[in-house]
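Structure first, then comments.
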């Protein structure tokens, strides 16, 4: 059972768990802002990967980050162990409110419970039966906003925007990578897109992680600037925020375009855009999704390119890029 709620003025520390990657962190920003409004005097701590969490702390979305990694299931004592390893984050404070923005599974619920919070905000599960019901078909942004709203907080999709640059550089950013093979559009097709954009006189920059240097080199072969592994998260944010256009698949950088109001062309598959597509500024983004019907759901962790993603062609991407650039 959830512990009795404390009065708002008695809440000194709120810890939110979202120990996932960049895209997941960005879709959780509106909920984090809702927590800030609900408890404006509390210290808001985010349990998340240190690089993403520190970046959000630097932007003022949260006050501090408790390093946590959740791509593998969280160990029951993961958050307790991290708090012991990083005493400066918690400052010896008890957790007054723990917020599960991670999911509705047992592992995240047990890890939060080990912190012995006075109150828990979470969707209904075997561990927290009193929470609101989980909805599989809900947009990721709206899902976490609903959790905070049902606790009395105020937040919505407009809270996704972190910054907007008035003067854009004219650069087109191409980000060909993704965490799984099923979400990676073929490199040869990205290379053809880059070649066509370069032939139009566009300044094209290709970005990726250090592990994606080989991929990015192949994609950038026709005169694009290759910055794979060269940018940290703040630098990548600056690049995307100032760009005329971002082209990528369903990956974290796509959400960075939403957060900076940068126009984009987004190639979806295997996950439908109804759950993870841009939740604001629909007119700024072209979403390419070639599913035969609304019921299609592929494997987001698969090794081979998803057939729906593969159904998107080079001409589709170039036509969408032309439309978005023409509308900017």
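The values are calculated or read from the model by the stated rules, or taken from the named source; none is laboratory data. Just so we're clear, the structure is a prediction, and the values are computed from it rather than from any experiment. Note that we place each Cβ from the backbone using ideal geometry, even for glycine, and neighbour counts take in every protein chain shown.
Observations on the model:
- Hits in segment 286-328 - residues which are under 15 Å from residue 244 (Cβ atoms) and either touching a strand residue (DSSP E or B) at 6+ places or on another chain (Cβ under 7 Å) or without any contact (Cβ under 8 Å) to a residue 24 or more places away in the chain (or both): 286, 320, 321, 322, 323, 324, 325, 326
- Selection status of residue 234, surrounded by fewer than 18 Cβ atoms within 10 Å (Cβ to Cβ), touching a residue at least 24 places away in the same chain (Cβ under 8 Å) and under 24 Å from residue 304 (Cβ atoms): no
- Meets criteria (over 22 Å from the mean Cα position of the chain (by Cα), touching a residue at least 24 places away in the same chain (Cβ under 8 Å) and outside any helix (DSSP H, G or I)) for residue 202: yes
- Qualifying strands (runs of 3 or more DSSP E) (wholly inside segment 238-328; at least 3 residues being under 16 Å from residue 160 (Cα atoms) and outside the structural domain of residue 216 (by TED's automatic domain parsing)): none
- Subset of segment 204-231 (residues that are farther than 14 Å from residue 174 by Cβ and touching a helix residue (DSSP H, G or I) at 6+ places or on another chain (Cβ under 8 Å)): 229
- Test: residue in segment 170-183 that is over 20 Å from residue 262 (Cβ atoms) and out of contact with any helix residue (DSSP H, G or I) (no Cβ under 9 Å at 6 or more places or on another chain): yes
- Search result, residues across segment 131-169 that are assigned to a loop (DSSP other than H, G, I, E, B) and closer than 29 Å to residue 92 by Cβ: 131, 151, 152, 153
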